Amino acid sequence: MEKVIVIDFGGQYNQLVARRVRECSVYCEIYSYKKPLSEIRAMEPKGIILTGGPNSCYEEGAPSCSAELFSLGIPVLGLCYGAQMMMHVLGGKVERASEREYGRTGTHFDVSSKLFAGVPENSVTWMSHNDYISRLAPGFMSVASTANCPVAAAENTEKGLYALQFHPEVLHTPNGKDILRNFVIDICGCSGDWEMTSFVETQIREIREKVGDGRVLLALSGGVDSSVAAALLSRAIGHQLTCVFVDHGLLRKNEGDEVEAVFGSEGTFELNFVRVNAADRYYGKLAGVTEPERKRKIIGEEFIRIFEEEAKKIGAVDFLAQGTIYPDVVESGLGGESAVIKSHHNVGGLPEHVDFKEIIEPLRDLFKDEVRKVGLTIGLPEKLVFRQPFPGPGLGIRIIGDVTAEKVHIVQDADAIYRAEILDTAREYEKEYGHSPAWMPDQYFAALSNMRSVGVMGDERTYDYAIVLRAVKTDDFMTADAAELPFDLLQRVMTRIIGEVRGVNRVLYDISTKPPATVEME
């Protein structure tokens with residue numbers, strides 16, 4: 001399988017670079033700059049991309065690479081720090097800029113370069129640098145510039161080396177995707193034939209070969225990752241798979257039943273489904289606990305205990321399956337280094353007393369959007385595949401303060417109303433205008449504050465809770481802005497929640513950005 005390798009130098013956008021390459025239907029993996037050159041050569045990549053990073057390449061101890069990397073006969077694209085480091089290693093000069101460039105910057109392109117084919121001669125790029133290339137390495141020529149940066153891009157076409165001072169991977173560079181596509185398709189010669197259908201077929205074949213007649217155990221949370229992993233394993237090995245679904249009573253309204261409808265005896269997937277209704281057990285453990293991290297720990301530890309109890313009933317299994325996805329692998333060791341096995345997102349650690357020989361992670365090479373594509377390919381319902389992001393501890397951290405059954409029911413009902421109103425309003429907008437509204441958030445939910453206040457309902461005094469509504473727009477969840485929801489939509493949500501959910505007399509809308517706030521409440 002043809003691939004492009006991203007070599008990471010500490011840049012915050014390393015995963016985004018890989019995602020953009022995969023959007024070109026080209027398979028891509030991320031490795032640390034410490035990865036031995038011999039191993040990179042052995043992978044026979046079609047192209048190599050060097051990421052940005054926070055250092056200055058001329059400082060002692062700064063991340064670097066051997067000049068040999070640039071003479072492998074493999075096209076190399078350096079981004080920001082990667083571009084500067086390429087120049088530095090190959091005999092150019094990089095210095096501290098007298099005027100730092102940051103943000104959207106007008107840029108002039110030499111469109112005769114293959115890298116900029118189809119790109120407007122004058123456009124905008126996203127800059128973020130203190131240093132600049134003051135002298136090009138031998139054999140390079142400048143092919144882009146800004147008012148303050150004479151070398152916004154450079155190339156040595158004879159050796160297949162390209163350097164960009166800006167970040168093409170971010171959406172703030174309007175033609176960035178085109179530039180990356182030009183590199184991986186036209187310069188590296190990739191065919192762009194990597195698809196989810198072929199991935200699914202390959203995974204099913206490999207799972208069958210690996211498992212043989214063995215048995216597999218999977219902790220099914222009902223989230224996207226574990227659900228897609230369960231469906232994929234089911235298609236491969238059927239009833240050799242047992243899924244244990246621990247319903248801790250902290251899911252969104254009706255979600256436990258929805259998971260069972262898909263994977264239980266009435267569903268279309270062939271597997272052994274075990275549902276453990278443990279709400280009362282969790283409520284007992286969480287009684288009186290208000291500190292968020294303590295709540296997380298209790299929820300995680302209790303999951304392990306329940307999972308172990310169910311595993312003992314099942315007996316020895318040959319494989320433990322997990323819904324690990326590529327960002328988990330990258331964040332725990334950048335792929336090529338020793339990667340820590342991802343614990344189930346409700347857990348915090350692998351169960352100690354489950355007898356298994358090996359771990360299966362069928363989604364470990366995929367980003368979240370690719371996982372969703374796999375889910376659709378193998379027949380999971382869209383409602384599950386495109387489910388809103390949900391924290392492992394569930395509503396336990398969307399309820400500020402102690403967790404009780406009453407509070408869980410309040411936030412479940414309020415959240416269901418909120419999500420339904422947003423979806424209904426967005427659908428009506430799309431019917432009328434043919435596209436989704438600009439305000440449509442990437443994530444939205446209702447949380448329960450621990451504030452109670454005086455209200456008046458039906459000429460009577462009330463002393464009830466305040467619901468907090470959260471809706472954010474974000475590209476990568478590293479930063480987020482509050483969505484500017486229509487005021488009439490918020491009013492409808494408020495009216496319905498106060499009118500239909502007992503125990504609530506006030507609805508608040510959280511307009512905080514991330515940072516300084518986080519997306520979740522706790």
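The values are calculated or read from the model by the stated rules, or taken from the named source; none is laboratory data. Here the structure is a predicted model, which means the values were calculated and not measured. Glycine also receives a Cβ, built like all others from the backbone with ideal geometry; neighbour counts cover every protein chain displayed. Side chains included, ligands, DNA and RNA excluded: accessible areas come from the protein's heavy atoms. Shrake-Rupley method; radii C 1.70, N 1.55, O 1.52, S 1.80 Å.
Any chance you could count how many residues in the stretch 22-43 are in contact (Cβ under 8 Å) with a residue 12 or more places away in the chain and more than 19 Å from the chain's Cα centre (by Cα)? Please lay out each step first, then the result.
First, the residues of the stretch 22-43 that are in contact (Cβ under 8 Å) with a residue 12 or more places away in the chain: 22-35, 37, 39-41, 43.
In the following step, the residues that additionally are more than 19 Å from the chain's Cα centre (by Cα) were identified as 32-35, 37, 39-41, 43.
Residues meeting the conditions: 9.
Looking for something of a type in the set (A, V, I, L, M) and in a helix (DSSP H, G or I) - is there at least one such residue anywhere in the stretch 213-226?
Here is the first cut: in the stretch 213-226, the residues of a type in the set (A, V, I, L, M) are 216-220, 224.
Adding the requirement that they be in a helix (DSSP H, G or I) leaves 224.
The answer is yes; a qualifying residue exists.
Conditions (1) at pLDDT below 95; (2) hydrophobic (A, V, I, L, M, F, W, C), marked per residue:
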{"residue": "Gly267", "(1), (2)": "yes, no"}
{"residue": "Val274", "(1), (2)": "no, yes"}
{"residue": "Ala278", "(1), (2)": "no, yes"}
{"residue": "Arg281", "(1), (2)": "no, no"}
{"residue": "Lys285", "(1), (2)": "no, no"}
{"residue": "Val289", "(1), (2)": "no, yes"}
{"residue": "Pro292", "(1), (2)": "yes, no"}
{"residue": "Gly300", "(1), (2)": "yes, no"}
{"residue": "Arg305", "(1), (2)": "yes, no"}
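Please go through the stretch 424-448 and give me each residue that is among the small types (Gly, Ala, Ser) and touching a residue at least 60 places away in the same chain (Cβ under 8 Å), ordered by number. Walk me through how you get there before you give the answer.
Here is the first cut: in the stretch 424-448, the residues among the small types (Gly, Ala, Ser) are 426, 434, 436, 438, 446-447.
Passing the criteria: only Ala447.
Just give me the residues in the stretch 280-326 being part of a loop (DSSP other than H, G, I, E, B) and open to solvent by less than 50 Å² (accessible area, probe 1.4 Å), in sequence order.
Result: Val289, Gly315, Val317, Asp318, Gln322, Gly323, Thr324, Ile325.
State yes or no: is Ala229 crowded, with 17+ Cβ neighbours inside 10 Å, within 21 Å of Ile314 (Cα to Cα) and within 24 Å of the chain's Cα centre (by Cα)? Quick ask: steps written out before the conclusion?
On the way: crowded, with 17+ Cβ neighbours inside 10 Å: yes; within 21 Å of Ile314 (Cα to Cα): yes; within 24 Å of the chain's Cα centre (by Cα): yes.
Yes: the conditions hold for Ala229.
Which residues, counting only those in the stretch 397-416, are open to solvent by less than 10 Å² (accessible area, probe 1.4 Å) and in contact with a helix residue (DSSP H, G or I) (Cβ under 7 Å, 6 or more places away or on another chain)?
Hits for the stretch 397-416 are Ile397, Arg398, Ile399, Val403, Val408, Val411, Ala414.
Ser134 - would you say it is part of a strand (DSSP E or B) and surrounded by 16 or more Cβ atoms within 10 Å (Cβ to Cβ)?
On the way: part of a strand (DSSP E or B): yes; surrounded by 16 or more Cβ atoms within 10 Å (Cβ to Cβ): no.
For Ser134, the condition - part of a strand (DSSP E or B) and surrounded by 16 or more Cβ atoms within 10 Å (Cβ to Cβ) - is not met.
For the condition touching a Gly at 6+ places or on another chain (Cβ under 7 Å) and either modelled with pLDDT of 90 or more or part of a loop (DSSP other than H, G, I, E, B) (or both), what is the one hit in Asp402, Asp365? Steps first, please.
Working: Asp365 fails: touching a Gly at 6+ places or on another chain (Cβ under 7 Å).
Step by step, each of Asp402, Asp365 is checked, and only Asp402 is touching a Gly at 6+ places or on another chain (Cβ under 7 Å) and either modelled with pLDDT of 90 or more or part of a loop (DSSP other than H, G, I, E, B) (or both).
For Val472, only one of the following conditions fails: (1) in contact with a Leu (Cβ under 8 Å, 6 or more places away or on another chain); (2) surrounded by 13 or more Cβ atoms within 10 Å (Cβ to Cβ). What is its number?
Only one criterion in (1) in contact with a Leu (Cβ under 8 Å, 6 or more places away or on another chain); (2) surrounded by 13 or more Cβ atoms within 10 Å (Cβ to Cβ) is unmet by Val472, namely (1).
Select from the stretch 91-120 the residues that are under 30 Å from Ile185 (Cα atoms), touching a strand residue (DSSP E or B) at 6+ places or on another chain (Cβ under 8 Å) and aliphatic (A, V, I, L, M) and list them in ascending order.
Within the stretch 91-120, Val94, Leu115, Val119 meet the criteria.
Which residue, of Ala231, Ala163, is modelled with pLDDT of 95 or more, outside any helix (DSSP H, G or I) and of a type in the set (A, V, I, L, M, F, W, C)?
Details: Ala231 fails: outside any helix (DSSP H, G or I).
After ruling out the rest, the residue left standing is Ala163.
For Gly458, indicate whether it is free of Cβ contacts under 8 Å to residues at least 12 places away in the same chain and on the phi > 0 side of the Ramachandran plot. Give the derivation first.
Working: free of Cβ contacts under 8 Å to residues at least 12 places away in the same chain: yes; on the phi > 0 side of the Ramachandran plot: yes.
Yes, satisfied.
Check off (1) open to solvent by less than 60 Å² (accessible area, probe 1.4 Å); (2) at pLDDT below 90 for Arg372 and give me the number that stays unchecked.
(2)
Looking at the stretch 241-256, is at least one residue without any contact (Cβ under 8 Å) to a residue 60 or more places away in the chain, in a loop (DSSP other than H, G, I, E, B) and either more than 30 Å from Leu395 (Cα to Cα) or small (Gly, Ala, Ser) (or both)?
no
Any chance you could count how many residues in the stretch 506-522 are within 18 Å of Ala416 (Cα to Cα) and either surrounded by fewer than 17 Cβ atoms within 10 Å (Cβ to Cβ) or at pLDDT below 95 (or both)? Outline the logic, then answer.
At the first step, the residues of the stretch 506-522 found to be within 18 Å of Ala416 (Cα to Cα) are 506-510, 520-521.
Still in the running and either surrounded by fewer than 17 Cβ atoms within 10 Å (Cβ to Cβ) or at pLDDT below 95 (or both): 508-510, 520-521.
Total satisfying the criteria: 5.
Any chance you could count how many residues in the stretch 168-194 are of a type in the set (D, E, K, R), out of contact with any Phe, Trp or Tyr (no Cβ under 7 Å at 6 or more places or on another chain) and over 10 Å from Cys24 (Cα atoms)? Walk me through how you get there before you give the answer.
Of the stretch 168-194, the ones of a type in the set (D, E, K, R) are 169, 177-178, 181, 186, 193.
Imposing the further condition that a residue be out of contact with any Phe, Trp or Tyr (no Cβ under 7 Å at 6 or more places or on another chain) reduces the set to 177-178, 181, 186, 193.
Keeping just the survivors that are over 10 Å from Cys24 (Cα atoms) gives 186.
Of the residues in the stretch 168-194, 1 are of a type in the set (D, E, K, R), out of contact with any Phe, Trp or Tyr (no Cβ under 7 Å at 6 or more places or on another chain) and over 10 Å from Cys24 (Cα atoms).
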